[in-house]
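Laboratory data are not the source of any read-out in this text; all were calculated from the coordinates shown. Keep in mind the model is a prediction, meaning the values are calculated, not measured. Positions of Cβ are generated from backbone atoms using ideal geometry, with glycine treated the same way; all protein chains shown enter the neighbour counts.
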């Protein structure tokens, strides 16, 4: 798996989110994926639960869409395993395409090749916390 | 790298934290480590900065110590790359050894073998946020 392959998986992720395509979204993940999501749950184990999260997320958006843009990626590859870390900015777009609000997350993916396909076996997204207030740290 | 090897790295991590041993702590990480820490910063790039964080953390503890206990580990290994995900509970201990308070974090490590040594090249720890309040989610 090359850097271009990793970039391609991220592009497919961004397209699936923009199009609210649960099937395309789920196809990026292995059946036994474990997700440590930034929001709402300590862990989400298995694609069935993760797919339900995606459907609830996309349904909650109403007429808005979400554009995802990655930056500052760091990639490791060896054998059948790869990892990518970086920042993802999620920007909500009004029906006309204007940005409404945005949120930055830190992303870690671990990808594994099985049967010739590279898919995510572990995802960890988060926002850091301010130690004093225990609230989320502002972008900086 | 086997599951036992991963467990050994976690044991060395726990011992370094308990003993507030900055050198032993730093020896677990590659020079170019990238850390997405649960607290205070979006990213910490390079061992120099990460070592400074460890020193500040250990100094802040005063007479308390911190016991680390991992659970629910999931491990992937291939070639020169490995990943581990799981939960870490950090328990502050009074000088007499009694637990004072504890905090749970989600941990992702990516380890890479270089020159025969497995060290952490990427660490991501976090606490999930409640979507409504944007505050940290309680243990559950």
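Annotations for the structure displayed:
- Segment residue B:2-residue B:56, length gained on full extension (0.36 nm per residue, minus Cα span): 16.2 nm
- Beta bridges by DSSP in chain A, antiparallel share as percent, to the nearest 5: 90 percent
- Along each principal axis, Cα extent of the protein assembly as shown, largest first, Å: 60, 42, 31
- Shielding by other protein chains, A:95-104, mean Cβ within 10 Å: 0
- For the residues of A:6-17, the average number of beta carbons from a partner chain within 10 Å of their own beta carbon is 0.
- Note on A:118-129: average number of Cβ atoms from other chains within 10 Å of each residue's Cβ is 6.
- Fluctuation leader among B:12, B:65, B:114 - chain B, Gaussian network, Cα springs under 10 angstrom: B:114
- The range A:1-73, Cα convex hull volume normalised per residue, Å³: 103 Å³
- Cα-based radius of gyration of the range B:65-140 once divided by 2.2 N^0.38 Å, which approximates compact folds: 1.37
- Protection proxy ranking, highest mean first, for peptides B:14-24, A:87-97: B:14-24, A:87-97, where packing is the per-residue count of other beta-carbon atoms within 10 Å, averaged.
- For the range B:43-59 versus the range A:92-140, the inter-centroid distance based on Cα atoms is 23 Å.
- Contact order, relative form, for chain B: 22 percent (alpha carbon pairs under 8 Å, 6 or more residues apart, mean separation divided by residue count).
- If you wrap the tightest convex hull around every Cα atom of chain A and split its volume per residue, you get 121 Å³.
- Selected from A:68, A:100, A:121 as most flexible by GNM, with chain A as the system and alpha-carbon contacts under 10 Å: A:100
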